[in-house]
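A short worksheet on the structure shown next.
FYI, it's all coordinate maths here, none of it is from the lab. In this text the structure is predicted, and so the values were computed from the model without any measurement. Glycine gets a Cβ as well: all are built from the backbone with ideal geometry, and neighbour counts include every protein chain shown.
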Amino acid sequence: MPLEGRSYRVLVGAGARHRLVEVLPTGIERVALVTQDSIPVAVDPGVEHRTFTIGEGEEAKDLGTVEDLCRDWARWGLTRGDCVVAVGGGVVTDTAGFAAAVYHRGVPVVHVSTTLLGQVDAAIGGKTGVNLPEGKNLVGAFWQPAAVICDTDVLATLAPREYRNGQGEMAKYAFLGVDRLADLSLDEAVAACVACKAEVVGSDEREGGRRAILNYGHTLGHALETAGSYDLRHGEAVAIGLVYAAELARRLGRIDDERVAEHRRVVGSYDLPMNLPPDVEPGELLALFSRDKKAVGGITFVLDGPRGVEPVKVNDRAVLLDALDALR
Ligand SMILES: NC(=O)c1ccc[n+]([C@@H]2O[C@H](COP(=O)([O-])OP(=O)(O)OC[C@H]3O[C@@H](n4cnc5c(N)ncnc54)[C@H](O)[C@@H]3O)[C@@H](O)[C@H]2O)c1
């Protein structure tokens, strides 16, 4: 991850977790391991350490857990000369990362990512945060890890649906410059996605502009998740969102039919959904589009086009609805 003065390594591959010691910041004395009971991944930081477990799911990703972690660390005597190591999926790395960002005004953190979604996305790039009852990820900080480990061996124990969830985020990278993604081995594919995200984040760490392309497929994806009762995992919602973005881009004359077909091929190759749930209410989705956190001064979609994927303002309701119709 190229960042001025704060570049860090992301190790990807089978067994990478066994190289934790070599990526820990030099001179640290102790390690606070943060994980969940359900995660069957053991790591050895090679120094004095203690394990702190947090709860499961989005409910555990809250300020209460951050307070619990910080209080437990304070009682243990964690200092800035020590390090937090988050071992888990996005819930663990987001929560432990945010707690590390605010505890003692910032202690180093290393992410050992254990889900496919985490490895290609959540653990990379320094966005940390937790949910409020009012909405997801509303409190957070940019806090870059000192290193990230993506051990592809640990993905073997992931539930099939969690794996597919990660493939939805992975599919996105096929349109952000990762060539022949579906032909790559798992290790190569994770590494290629990480390299792509690292390049984008390195060019725009705080999302002043370009980093927004990482939200490709997310405008409809988020709307489907917020609209609720559709039983879609994040990656599945993003997969539908990728096909929607392509249908929309074609209607705006930005891409041709063949490029739309390519979106459907890539999403289909991961056996991900590409149609709207049957009972979806188009008017509700349109209302949700304009409430998206990234919607500044109109509905901003990230769309493919002659210059590649970029943010585009779309205000034509009829076109938005027509593209939704193509996903029936
Ligand atoms: N910070 C970012 O840039 C960023 C980007 C994308 C997503 N996210 C966040 O990531 C979160 C979702 O992350 P997730 O999809 O990894 O979900 P998750 O962390 O909830 O993990 C999914 C489930 O898999 C289990 N699990 C994890 N690793 C396992 C393993 N190796 N074997 C068996 N089970 C394992 C977990 O215990 C959990 O029950 C969301 O909160 C989202 O907001 C953050």
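Antiparallel versus total DSSP beta bridges in the chain: what percent is that, nearest 5? List each step's numbers first, then the result.
Values: 10 of 36 bridges.
Here the antiparallel bridges make up roughly 30 percent for the chain.
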Using the per-residue mean of other Cβ atoms lying within 10 Å as a proxy for protection, in what order, highest first, do the peptides 124-131, 243-250, 113-120, 220-227 fall?
113-120, 243-250, 124-131, 220-227
Rounded, prolate or oblate: which fits segment 12-139, taking a ≥ b ≥ c as square roots of the Cα gyration tensor eigenvalues, rounded meaning a/c under 1.5, else prolate when a/b beats b/c?
oblate
Sorted by chain and then number, the residues having a modelled amide H within less than 5 Å of the amide H of residue 109, at least 5 places away or on another chain, are 84, 146
Given 37 °C and 0.692 mPa s, compute D for the chain with the Stokes-Einstein relation, Rh being the Kirkwood radius over Cα pairs; round to the nearest whole µm²/s.
162 µm²/s
The alpha-carbon center of segment 152-167 and that of segment 30-50 are separated, in whole Å, by 20 Å
Residue 252 paired with residue 47, simple spin-label distance in nm, labels 7 Å along Cα-to-beta-carbon:
4.9 nm
In segment 3-78, the chymotrypsin sites (Phe, Trp or Tyr not before Pro) that sit in a DSSP loop and have at most 14 other Cβ atoms within 10 Å of their own Cβ are none
Lysine pairs in the chain with alpha-carbon atoms under 22 Å apart, 8 or more places apart or on different chains: how many are there?
21
